[in-house]
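Trainee: Before anything else, here's the structure in question.
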Amino acid sequence: MSLYLKLKKDKPAMLGIVIIIFFASIAVFAPYIAPHDPLELNLEERLLSPSVDHPMGTDNLGRDVLSRVLYGTRVSLSMSAAVVTIIMVLGITIGTVAGYFGGVVDDVTMRVVDVLLAFPSIILALVIAGLLGPSLTNVMIALGAIWWVGYSRIVRGSVLSIKEKEFVEAARAMGCSDTYIIRRHILPNVLSPVIVLATLDMGHIILSIAALSFLGLGAQPPIPEWGAMLNEGKPFMESASHLMIFPGLMIMITVLAFNFIGDGLRDALDPRMQEMLIK
Amino acid sequence: MKKYIAKRLAIAVIVMLGASLLSFLLLYFAPGNPAHAILTAQLGHDPSLEEVAFFMMKHDLNNPFLVQCSQWLYMITHLNLGTSFRTGEPVLMEFLDRFPATFELAFTSMLIALLIAIPVGILSALKQNSILDHSSRLVALCGVSMPNFWLGLVLIMFFSLKLGWFPCFGYGTASHLVLPAITLGTGLAAPLMRLMRASMLEVLRQDYIRTARSKGLSEHLVMWKHGLKNALIPVITHMGMQTGHLLGGAVIVETIFAWPGVGKFLVDGIYARDYPVIQGFVLVIALFFVLSNLAVDILYTYLDPRIRYDVENKK
């Protein structure tokens, strides 16, 4: 538990954890906190500047921006959690199979990884999301389909070194099956670098979801997603700058919090693992 | 050394082949009928079944999978990426026409990023744990966390709508370049600055720095000749690796600022389902990315003589 103790001394990392817990509780309790219905149209109160009733103003359809921003935490946090889960499952499965069984399986998967790495990830995600059609689910699929690559490489690398260890050899000598060895001996050892990598990547994932939604390929109106809100507010930025400021600030604070945690985790880790995580 | 380069070249060729195959598969398995989408856009109403059938025949979309696939591979080996459904021009020409604008943006952004990142990174490392160090690291972290497109919007809001200093979109003069280049450049500067700082700190701990100091070299000479030169190596490598991400970032920045580059055309192509453009642009970008990484790898071996790529001993 020395990792936890080191992290506890890291002030930015603790701040990051507090912010994320705070935002997560906003996401859970959004219906009780939000002063208005995020989807309720009120054409008489269009593009109002921030006031007591609407602390972040209203948008071009008279919807309360604060309520939409609060509900936006739901979309961003749950979406990025889902994407990270997809990536981890794909990356760990593919990386473990490639590393453990080796041979042709390994060669083929690593060539696929090489090819996928040849494309700038955001462009590939853009194309996949665009071709599948604009929706949050398709953004999730697009990001999941390309992001596992780096994870599978790291997992494969650590599986390769773990499977040479004596305890794996002992398990095999005792007649354990491959599935048992993978489940009991390999997976627990590859999990922690992957979790750290995932924390470091959460910020990137949130930014990518927001960027794709901003380009109109992700969340569709009237879903209160931060990137999509910026896209909807863009035509009104001259008269209603509050439409631009608040959703952007929320994205930045969330990503910053995850980056604080990620940096803290990386610093708290032993140097060997740090080396593995440097891309 | 020669063997290493040859091996890297061989891998690059395999990867490029794979990339061409992938760019084909991507479009082949995409849901929805491109003919229907394009004709709707061109005619302004739902096309009839005959019109769709004629379009598919004209563009060879009815052929079996393997035939289409080999047609695609044949085409690209003859530098023919098809013609854009929208403009009727060859895709490769469309790319080359727009590449200078993207290059101009990317190059200026990279320059801005370097001008910020290297001095700040060095200062931050030399004055480790000072207020300057802490604040520049915090700013860098904020820079990494800020959505690039949002920074662009805020800059437009402030500098072109409020102050009217720069045009908010378009292309041509130097003042058009300022805002997009700053948007893209600051996004790049943040990670570069962090890397520069880390690399400088690492180098200053090395034995050869201690040797240089103990043999009585001036602090100035130690820092600039022995320190900086070595600390720059990872920064240069990182920059080379960034070309792909630079293009990715350029896609979004170009869309915001209506910059007539490769990225904007690609995004418009995605909206319009202009299949040949999507396929061709993605492929050319990937090839460009592979080649620039290869160039960095080879350059790296010359820059850092400590690195020996021993092909025989390396598994």
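The values are calculated or read from the model by the stated rules, or taken from the named source; none is laboratory data. Since we're looking at a predicted model, the values are computed, not measured. Glycine also receives a Cβ, built like all others from the backbone with ideal geometry; neighbour counts cover every protein chain displayed. Accessible surface is based on the protein model in full, side chains and every heavy atom, while ligands, DNA and RNA are left aside. Shrake-Rupley method; radii C 1.70, N 1.55, O 1.52, S 1.80 Å.
Trainee: Tell me, yes or no, whether the stretch A:180-198 has at least one residue that is surrounded by fewer than 23 Cβ atoms within 10 Å (Cβ to Cβ), out of contact with any helix residue (DSSP H, G or I) (no Cβ under 6 Å at 6 or more places or on another chain) and within 14 Å of another protein chain (Cβ to nearest Cβ).
Mentor: Scanning the stretch A:180-198 turns up no residue that is surrounded by fewer than 23 Cβ atoms within 10 Å (Cβ to Cβ), out of contact with any helix residue (DSSP H, G or I) (no Cβ under 6 Å at 6 or more places or on another chain) and within 14 Å of another protein chain (Cβ to nearest Cβ).
Trainee: Under the condition of being open to solvent by 30 Å² or more (accessible area, probe 1.4 Å) and of a type in the set (A, V, I, L, M), which residue from the stretch B:134-150 is farthest from the other protein chains (Cβ to nearest Cβ)?
Mentor: Here the residue is B:V139.
Trainee: With the structure loaded, tell me whether A:A257 is more than 10 Å from chain B (Cβ to nearest Cβ), open to solvent by less than 10 Å² (accessible area, probe 1.4 Å) and among the small types (G, A, S) or whether it fails that test.
Mentor: No; evaluated as a whole, the condition is false for this residue.
Trainee: List the residue pairs whose Cβ atoms are under 6 Å apart, where the first residue sits in the stretch A:21-50 and is within 19 Å of A:S80 (Cβ to Cβ), the second is open to solvent by 60 Å² or more (accessible area, probe 1.4 Å), and the two are 6 or more positions apart or on different chains.
Mentor: Here the result reads A:A27/A:R74; A:A30/A:R74, each pair linking the stretch A:21-50 to a residue that is open to solvent by 60 Å² or more (accessible area, probe 1.4 Å).
Trainee: Scan the stretch A:199-224 residue by residue and report those that are modelled with pLDDT under 90, outside any loop (DSSP other than H, G, I, E, B) and away from every other protein chain (no Cβ under 12 Å).
Mentor: Scanning the stretch A:199-224 gives A:T199, A:D201.
Trainee: Out of the residues in the stretch A:236-249 that are open to solvent by 20 Å² or more (accessible area, probe 1.4 Å) and under 26 Å from the mean Cα position of the chain (by Cα), state the one that is farthest from the other protein chains (Cβ to nearest Cβ).
Mentor: A:F246
Trainee: Can you name every one of the helices (runs of 4 or more DSSP H) wholly within the stretch A:79-179 that holds 3 or more residues which are more than 11 Å from chain B (Cβ to nearest Cβ)?
Mentor: Per the criteria, A:103-117, A:136-162, A:166-173.
Trainee: Still on this structure, please answer the following. With the requirement that a residue be in contact with an Asp or Glu (Cβ under 9 Å, 6 or more places away or on another chain) and either modelled with pLDDT under 85 or open to solvent by 50 Å² or more (accessible area, probe 1.4 Å) (or both), what does the stretch B:172-190 give you?
Mentor: Once the filter is applied, which keeps residues that are in contact with an Asp or Glu (Cβ under 9 Å, 6 or more places away or on another chain) and either modelled with pLDDT under 85 or open to solvent by 50 Å² or more (accessible area, probe 1.4 Å) (or both), the stretch B:172-190 yields only B:L177.
Trainee: Right, next: Which of the residues belonging to the stretch B:1-16 are without any contact (Cβ under 8 Å) to a residue 24 or more places away in the chain and facing chain A (nearest Cβ under 9 Å)?
Mentor: Of everything in the stretch B:1-16, those that are without any contact (Cβ under 8 Å) to a residue 24 or more places away in the chain and facing chain A (nearest Cβ under 9 Å) turn out to be B:I11, B:I14.
Trainee: Enumerate the pairs (first residue in the stretch B:83-105 and in contact (Cβ under 8 Å) with a residue 12 or more places away in the chain; second residue anywhere and buried (at least 16 other Cβ atoms within 10 Å of the Cβ) and of a type in the set (S, T, N, Q)) with beta-carbon separation below 6 Å, excluding pairs fewer than 6 apart on the same chain, so at least 6 apart or on different chains.
Mentor: B:V91/B:S84; B:E94/B:S84
Trainee: Is one or more of the residues making up the stretch B:247-270 assigned to a loop (DSSP other than H, G, I, E, B), within 14 Å of chain A (Cβ to nearest Cβ) and either touching a residue at least 60 places away in the same chain (Cβ under 8 Å) or exposed (fewer than 15 other Cβ atoms within 10 Å of the Cβ) (or both)? Break it down into steps so the answer makes sense when it comes.
Mentor: First, the residues of the stretch B:247-270 that are assigned to a loop (DSSP other than H, G, I, E, B): B:258-261.
Okay, now just the ones that are also within 14 Å of chain A (Cβ to nearest Cβ), so B:258, B:261.
Still in the list and also either touching a residue at least 60 places away in the same chain (Cβ under 8 Å) or exposed (fewer than 15 other Cβ atoms within 10 Å of the Cβ) (or both): B:258, B:261.
Looking for residues that are assigned to a loop (DSSP other than H, G, I, E, B), within 14 Å of chain A (Cβ to nearest Cβ) and either touching a residue at least 60 places away in the same chain (Cβ under 8 Å) or exposed (fewer than 15 other Cβ atoms within 10 Å of the Cβ) (or both), one finds at least one in the stretch B:247-270, hence yes.
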